[in-house]
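The values are calculated or read from the model by the stated rules, or taken from the named source; none is laboratory data. Model, not experiment: these values are computed from the prediction. A quick note on method: Cβ atoms are made from the backbone with ideal geometry, for glycine too, and the neighbour counts reach across all protein chains shown.
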Amino acid sequence: MNEIEHLERIATFYHSAEASDGVNHFHLHLRDIMIPAEGGDSALELGCGSGRWTRVLCERYAEVDTVDAAGPLVEAVVAAYQGVGASLRGHVALVEDFLAAAGRTWQHVYLSMLLEHVADPVDLLARSRRVCAADGSIFIAVPNATSIHRTLAVRAGLICAVDELSENDHRVGHRRVYTPELLARHVRDAGFTITESLPVGLKPITHGQMKALPDAVLWALCRSGDLVPNNPAYLVIKAKP
């Protein structure tokens, strides 16, 4: 299976009714705290998904470029958010190929829920560093292997190690689950200097189990990463080239 076929298989699940019925609170919270309120001049989004991040980027930046291998997704996102604020351009390509041919830099580069999917994350980060302005920053978010729910799964004997790929990880195309140490190492190996690490969210149970919780509790869990700084649901890193 080549990389395009791999991504198309993942997209089939991500945009299914089953996936859309999940808990979105954590992803929306990540988006709103990761993207600086003051925005900036230019932003590059690697992987547009359904466009939830693209919309806020367009509200906060003057210029936004979004890249995804799925042509229909890119077309839908650009059509939905063209004119929201930023000058928005969509690019249909593997992010690795786009970065290799970009020929320019952006003030801020966003990699949200991407590194766990790619074949060579250090290479992708190194390519991202080359398109990040010298005075710019990269923003990275990944699920955390040492999240409370994964740690409890090990203690319950459901998985053997916190970074073991679960059945759901395979369904969504994860190639790895990041520990804080592995993410920091990959970012530094690519030549970045980490300027901020932020623990986001407290996930005591799985997404499927959390669907029964009321919104107020879910939003409280989103804001409670500070209670478990070593075991948050997600890892967020800001780094400079």
Candidates Gly90, Gly136, Gly157 - the one that is touching a strand residue (DSSP E or B) at 6+ places or on another chain (Cβ under 9 Å) and farther than 14 Å from Phe192 by Cα: Gly90
- request: Output the residues belonging to the stretch 38-54 that are out of contact with any Lys or Arg (no Cβ under 6 Å at 6 or more places or on another chain) and either modelled with pLDDT of 95 or more or part of a strand (DSSP E or B) (or both).
  value: Glu38, Gly40, Asp41, Ser42, Ala43, Leu44, Glu45, Leu46, Thr54
message: Within the stretch 165-176, does at least one residue satisfy the condition of being at pLDDT 95 or above and either hydrophobic (A, V, I, L, M, F, W, C) or out of contact with any helix residue (DSSP H, G or I) (no Cβ under 9 Å at 6 or more places or on another chain) (or both)?
response: no
task: Output the number of the condition that Glu167 fails; it satisfies all remaining conditions of (1) under 22 Å from Ala239 (Cβ atoms); (2) of a type outside the set (A, V, I, L, M); (3) out of contact with any strand residue (DSSP E or B) (no Cβ under 6 Å at 6 or more places or on another chain).
output: (1)
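Checking the conditions here, which among Val84, Val154 is assigned to a loop (DSSP other than H, G, I, E, B) and either free of Cβ contacts under 8 Å to residues at least 12 places away in the same chain or in contact with a helix residue (DSSP H, G or I) (Cβ under 6 Å, 6 or more places away or on another chain) (or both)?
On the way: Val154 fails: assigned to a loop (DSSP other than H, G, I, E, B).
Sole residue among the options that is assigned to a loop (DSSP other than H, G, I, E, B) and either free of Cβ contacts under 8 Å to residues at least 12 places away in the same chain or in contact with a helix residue (DSSP H, G or I) (Cβ under 6 Å, 6 or more places away or on another chain) (or both): Val84.
Report whether or not Arg150 is buried (at least 20 other Cβ atoms within 10 Å of the Cβ), more than 18 Å from Glu196 (Cβ to Cβ) and of a type in the set (D, E, K, R).
Details: buried (at least 20 other Cβ atoms within 10 Å of the Cβ): yes; more than 18 Å from Glu196 (Cβ to Cβ): yes; of a type in the set (D, E, K, R): yes.
It is true that Arg150 is buried (at least 20 other Cβ atoms within 10 Å of the Cβ), more than 18 Å from Glu196 (Cβ to Cβ) and of a type in the set (D, E, K, R).
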statement: Inside the stretch 195-215, the number of residues satisfying the requirement of being more than 13 Å from Phe26 (Cβ to Cβ) and under 17 Å from the mean Cα position of the chain (by Cα) is 3
task: Could you list all residues from the stretch 53-68 that are among the hydrophobic types (A, V, I, L, M, F, W, C) and buried (at least 23 other Cβ atoms within 10 Å of the Cβ)?
output: Trp53, Leu57, Cys58, Val64
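Quick one: how many residues across the stretch 98-151 are over 18 Å from Asp41 (Cβ atoms) and part of a loop (DSSP other than H, G, I, E, B)? Talk me through it step by step, then tell me what you get.
Pass one, the stretch 98-151, residues over 18 Å from Asp41 (Cβ atoms): 98-101, 111-127, 129-130, 140-151.
Then keep just the ones that are part of a loop (DSSP other than H, G, I, E, B); that gives 113-120, 145-147.
Of the residues in that region, 11 qualify.
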field: Single residue of the stretch 230-241 satisfying the filter (at pLDDT 95 or above and part of a loop (DSSP other than H, G, I, E, B)) that is farthest from Cys132 (Cα to Cα)
entry: Asn231
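Can you tell which of Ala100, Ala141 is of a type outside the set (Asp, Glu), over 23 Å from Leu30 (Cβ atoms) and at pLDDT 95 or above? Spell out the reasoning first.
Details: Ala141 fails: over 23 Å from Leu30 (Cβ atoms).
So the residue among Ala100, Ala141 that is of a type outside the set (Asp, Glu), over 23 Å from Leu30 (Cβ atoms) and at pLDDT 95 or above is Ala100.
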Qualifying helices (runs of 4 or more DSSP H) (wholly inside the stretch 173-229; at least 3 residues being of a type in the set (Phe, Trp, Tyr) and in contact (Cβ under 8 Å) with a residue 12 or more places away in the chain): none
